[in-house]
Every structure is written in structure tokens, then in C-alpha cells.
Amino acid sequence: MFRILLREIREWLECIVNNLPGRLGTKLRKIYWGRMMSCGGSLFSSTGLIIVSPENIVIGKNTRMMRNCCLYANDRGSIKIGNNLSLNNNVMISSGNAGDITIGDNVLIGPNVVIRASNHAYAEKDIPINKQGHIGGRVIIEDDVWIGANVVILPKAVIRKGAVVGAGSVVNSEIAGYSLAAGVPAKAVKNNMRR
């Protein structure tokens, strides 16, 4: 009973801290989440932040998260983020259900991006999908990557150093370094695009 009460108090505290506006809210989120997870420092997060299982998340220095960003690392999930990450509004990074997500240094992620390292199992036709559990997967985003708005990144995605992923793309395989990728599924539309 005492553990349930403590968890309830923690959820209320996080709800208040994550939704406080202004400089005070920003400062309290930096202090609170800096103590709850491994964080290199200089964490900036706007209102609406949701973090589940912070003990499974490592964040480098100079991370910026705009409004309504969500990080899920529940059920044996793992998220490792390098330095200088910038998340625009409404970004969801979910490694829940034994998934693993690694994001390198100097990565820009546009608004409404979904990065998900696990999928629902669905092979058994006699069992409803919502009863079949999940299959953990892996997502790797290397250094110096820009991911445009409304991109969906799925298990087995590897986005190599210096790549750009165009808005609205779905990434489910490897994207070559320094290429511009777009489409559903995303494919390189221009290689060696950076001098």
C-alpha cells in the first residue's frame, strides 16, 4: 500500500513539474529529470514532457525538448542520446517492450516525429493482436542527422552519419550517410549531398 501511495505522489509531482510554464517550470524540469535519469547537463524541456522509466534513459549534454515530447523506456527498453540533441514539438521516442534506441550527437528531429523500436506481435491468427505481446527491436541514428517533420522511424532503421530524412517519410531500413532520403518506405533520392 505504501509503494502504491509513493508511486501516486510521484505521478502527481511529475504532472505538476512537467506542465509548469515559464522559467520556473524549465528550471524545475531540469533539476527533477537531472536527478531521475543519467543526464549530462544543460537539459531544456518545455511543457507537456512525459518520461517513463527514466532509469533506462541516458541523455548527453545540451539537450533541448520542445512542447509535448515523450520518452518511453518501460519494460526493459533502453534509450541512449548523445550531445546536442534538439527535439521539436510532439516528438515521441519509444523503446518500450525490450526495444533499444541510440541517437548520436548533433541530431535535429522535427515536429511530430515518432521513433519506435518495438512492434506488436501478430503472427497467431487465433489470438487477438492486443494479446500477442511485443517484439523488441533496435533503432540507430548516428551523428549529425536531420529528421524532418512527421517522419516515422521503425525497428531495424539505421540512419547513418550526416543523412537527412525528408518530411513525411517512413524509415524501416538503412539510410546511407550524407544522403537525402524520402518516401514510404524511405530511400535515398540524392547521395553525397554534402560537400
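Within segment 178-195, the residues that satisfy the criterion of being surrounded by 18 or more Cβ atoms within 10 Å (Cβ to Cβ) and within 23 Å of Ser95 (Cβ to Cβ) are Ala181, Ala186. Please go through segment 61-113 and give me each residue that is farther than 19 Å from Ile159 by Cβ and in contact (Cβ under 8 Å) with a residue 60 or more places away in the chain, ordered by number. Selection gives Arg76 alone. Residue pairs whose Cβ atoms lie under 9 Å apart, separated by 6 or more positions or on different chains, with the first residue in segment 164-177 and under 11 Å from Leu154 (Cβ atoms) and the second outside any strand (DSSP E or B) and at pLDDT below 95, do not occur.
Would you check if there is a residue in segment 135-146 being in a loop (DSSP other than H, G, I, E, B), touching a strand residue (DSSP E or B) at 6+ places or on another chain (Cβ under 9 Å) and free of Cβ contacts under 8 Å to residues at least 24 places away in the same chain? No, every residue in segment 135-146 fails to be in a loop (DSSP other than H, G, I, E, B), touching a strand residue (DSSP E or B) at 6+ places or on another chain (Cβ under 9 Å) and free of Cβ contacts under 8 Å to residues at least 24 places away in the same chain. Restrict the check to segment 33-45 and report whether at least one residue is over 27 Å from Val107 (Cβ atoms), surrounded by fewer than 17 Cβ atoms within 10 Å (Cβ to Cβ) and either without any contact (Cβ under 8 Å) to a residue 12 or more places away in the chain or β-branched (Val, Ile, Thr) (or both). Looking for residues that are over 27 Å from Val107 (Cβ atoms), surrounded by fewer than 17 Cβ atoms within 10 Å (Cβ to Cβ) and either without any contact (Cβ under 8 Å) to a residue 12 or more places away in the chain or β-branched (Val, Ile, Thr) (or both), one finds none in segment 33-45, hence no.
The values are calculated or read from the model by the stated rules, or taken from the named source; none is laboratory data. Everything quoted here is computed from the prediction, not taken from an experiment. Neighbour counts are summed over all protein chains in view; Cβ atoms, including those assigned to glycine, are modelled from backbone coordinates with ideal geometry.
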